[in-house]
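The values are calculated or read from the model by the stated rules, or taken from the named source; none is laboratory data. All figures in this text were calculated on a predicted structure; none of them were measured in a lab. Positions of Cβ are generated from backbone atoms using ideal geometry, with glycine treated the same way; all protein chains shown enter the neighbour counts.
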Amino acid sequence: MSEELGLTRRQALAAAAAICGVGALAAAGAAPAQAAGRLKVRLSAYPSLKKVGGVANVGALSGRQVAVVRTGKKTYVALDRTCPHAGAIVSASSGGWSCPAHGSRFDLDGDRVSGPTPSGLRKLRARVKRGVLTITG
């Protein structure tokens with residue numbers, strides 16, 4: 001096909017790579033931005049956070065998976081999803097979080113409910129301003 005368009009194979013591959021790069025940049029617009037120990041999350045990009053009790057996995061901060069829970073009309077809790085017991089990544093479950101490694105359970109705010117974990121999930125600092133939640137660890 002590239003021959004039909006008068007392109008060399010190298011030109012066709014370069015054009016395809018450029019198109020993929022533009023698509024990746026467009027998709028990255030919805031992704032949270034991370035810089036110098038901060039994760040900025042545009043709340044409108046996560047429909048689940050429109051209601052109190054909503055949960056969203058929003059990315060990573062300093063190599064740690066982060067989730068956000070909407071706890072009130074204007075309040076949010078950011079949690080490090082690493083289980084304090086053995087370091088597995090917890091998943092949202094009915095009304096809270098659960099660890100797949102040893103069954104530890106946490107409430108929606110990350111507080112310990114049961115299991116071998118010695119404590120709750122680590123809470124990160126979170127501040128909302130103009131629809132953007134800034135999370136710092």
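Of all residues assigned to the stretch 39-49, none qualifies as being on the phi < 0 side of the Ramachandran plot and at pLDDT below 95. Is it true that THR75 is among the hydroxyl-bearing types (Ser, Thr, Tyr) and either surrounded by 18 or more Cβ atoms within 10 Å (Cβ to Cβ) or touching a residue at least 60 places away in the same chain (Cβ under 8 Å) (or both)? For THR75, the condition - among the hydroxyl-bearing types (Ser, Thr, Tyr) and either surrounded by 18 or more Cβ atoms within 10 Å (Cβ to Cβ) or touching a residue at least 60 places away in the same chain (Cβ under 8 Å) (or both) - is not met.
The one condition from (1) in a loop (DSSP other than H, G, I, E, B); (2) under 21 Å from GLY137 (Cα atoms) that GLY72 does not meet is (2).
Return the residue satisfying two criteria in turn: it lies in the stretch 91-137 and is under 21 Å from ARG42 (Cα atoms) and of a type in the set (Ser, Thr, Tyr), and of such residues it is modelled with the highest pLDDT. Ranking the qualifying residues of the stretch 91-137, first place goes to THR134.
Given the criterion in contact with a Leu (Cβ under 6 Å, 6 or more places away or on another chain), in the same structural domain as ARG125 (by TED's automatic domain parsing) and surrounded by 15 or more Cβ atoms within 10 Å (Cβ to Cβ), identify the matching residue among ARG105, ARG70. Steps first, answer last, please.
Details: ARG105 fails: in contact with a Leu (Cβ under 6 Å, 6 or more places away or on another chain).
Every option except ARG70 fails the conditions.
With the requirement that a residue be touching a residue at least 40 places away in the same chain (Cβ under 8 Å), at negative phi and part of a loop (DSSP other than H, G, I, E, B), what does the stretch 99-137 give you? Answer for the stretch 99-137, where residues must be touching a residue at least 40 places away in the same chain (Cβ under 8 Å), at negative phi and part of a loop (DSSP other than H, G, I, E, B): LEU108, ASP109, LEU121, ARG122, GLY137.
Could you identify the single residue in GLY59, GLY87, GLY120 that is farther than 21 Å from GLY37 by Cβ and in the same structural domain as LEU39 (by TED's automatic domain parsing)?
Numbers: GLY59 fails: farther than 21 Å from GLY37 by Cβ; GLY87 fails: farther than 21 Å from GLY37 by Cβ.
Criteria check complete, one pass: GLY120.
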